[in-house]
Amino acid sequence: MSIRIAGLAITLFAAVSIATSSLAADDASVKKDLFTVITLQGLPCGEVVSYTTKNDNDHVVVCKDGNRYHVYVNAQGRVVVEKQ
Amino acid sequence: MKAPSIIATFMLLLLAGCAGTPFLAPRAPPQPAAPSPSPSPSPAVIPPTTAAAAQPSELAAPPSTAPVAPPQAAAPPIAGAPPAATLPNPSAAKAAGSTVTAAAKPPAPAAQLPKAASPTTDIAKPKTPPLDLTSLEQRLKSTNAIGVLTKLTLKNQVDDLLDKFRAYYQGKLKTTLADLRRSYDLLVQKVLALLQDSDPPLATDIVASREPIWGILSDPKKFATI
């Protein structure tokens with residue numbers, strides 16, 4: 001019985017670890033994407049510290065240098081970066 | 001049981017071939033590395049060439065009794081060069097042994113030069129990669145090196161640049177082709193900066209396509225076909 005519980009615990013731990021790591025990877029890739037977009041617009045942002053997703057392709061980004069940007073895709077399909 | 005007899009027959013034929021070429025012996029004097037009497041026929045050609053000629057000399061020994069030039073001319077360059085030199089030797093060797101080797105050297109490179117030049121030109125031709133804009137576009141869309149928002153941003157910037165070109169050719173935009181070239185280079189560098197670490201093959205292909213693409217952009221007739 002205890003062996004079954006141990007096996008279940010290990011399986012759960014592995015699943016949680018994999019899910020966490022994949023989420024962290026997604027988070028890092030989104031941060032990188034947002035940082036690249038801001039930089040391509042010629043706006044300053046040392047590093048993306050955090051971001052809040054408001055909608056699909058609609059984020060509020062906080063940069064390491066204190067700047068906050070609203071990054072979204074408008075109705076014309078253009079990526080817009082607005083400083084807040 | 002048959003193999004030894006075949007080998008023995010072949011060796012006998014080789015020996016017979018060597019024995020039948022005593023008139024080539026006068027060419028031997030210029031060669032220093034031929035102490036034995038048997039290697040006299042082919043070694044005359046060995047000194048000018050390198051150690052790699054040892055095998056061709058052995059191969060050339062049996063047929064050296066007769067004028068072997070035609071078959072050897074069809075042979076690979078290494079084997080073909082020495083026999084080509086042996087042809088003028090009989091006449092010149094009697095005059096001066098040392099000059100024979102000197103005279104033998106020029107024909108060989110001369111004969112090899114065209115053969116060496118043709119492959120290089122053949123290789124140089126396929127180096128020019130055909131411009132495949134559709135493939136490049138598809139690869140840019142599908143690469144994981146760039147995020148979705150970044151791809152969209154780049155696409156916007158490409159569209160902006162194309163609009164500038166369009167306006168320039170329509171006379172609506174007062175700018176120069178040099179300025180447009182600067183904008184184009186900047187955009188390409190942005191793309192390359194994003195790709196070079198994560199997708200080097202695509203970055204390399206974009207670098208290779210850089211000038212052909214500019215050739216299209218800078219030509220109003222070609223640009224109109226886009």
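Scanning the stretch B:184-226 for residues that are without any contact (Cβ under 8 Å) to a residue 24 or more places away in the chain and touching an Asp or Glu at 6+ places or on another chain (Cβ under 9 Å) yields B:203, B:210. Candidates are the residues of the stretch A:52-84 that are within 12 Å of chain B (Cβ to nearest Cβ) and hydrophobic (A, V, I, L, M, F, W, C); the one that is nearest to residue B:159 (Cα to Cα) is A:79. Annotation note: Cβ proximity below 9 Å between a residue of the stretch A:24-51 that is facing chain B (nearest Cβ under 10 Å) and a residue that is of a type in the set (Asp, Glu) (sequence gap 6+ or interchain) occurs for A:31/A:47; A:35/A:47. The criterion of at least 1 residues that are at pLDDT below 95 and within 14 Å of chain A (Cβ to nearest Cβ) is met, among helices (runs of 4 or more DSSP H) falling completely within the stretch B:117-205, by B:148-169, B:177-195.
Residue check: residue A:80 meets all listed conditions (1) surrounded by fewer than 15 Cβ atoms within 10 Å (Cβ to Cβ); (2) in contact with a strand residue (DSSP E or B) (Cβ under 7 Å, 6 or more places away or on another chain); (3) without any contact (Cβ under 8 Å) to a residue 12 or more places away in the chain but one, namely (1).
The values are calculated or read from the model by the stated rules, or taken from the named source; none is laboratory data. Every value quoted in this text rests on a predicted model; they were computed, and no experiment measured them. Every residue, glycine among them, receives a Cβ derived from its backbone with ideal geometry; neighbour counts consider all protein chains shown.
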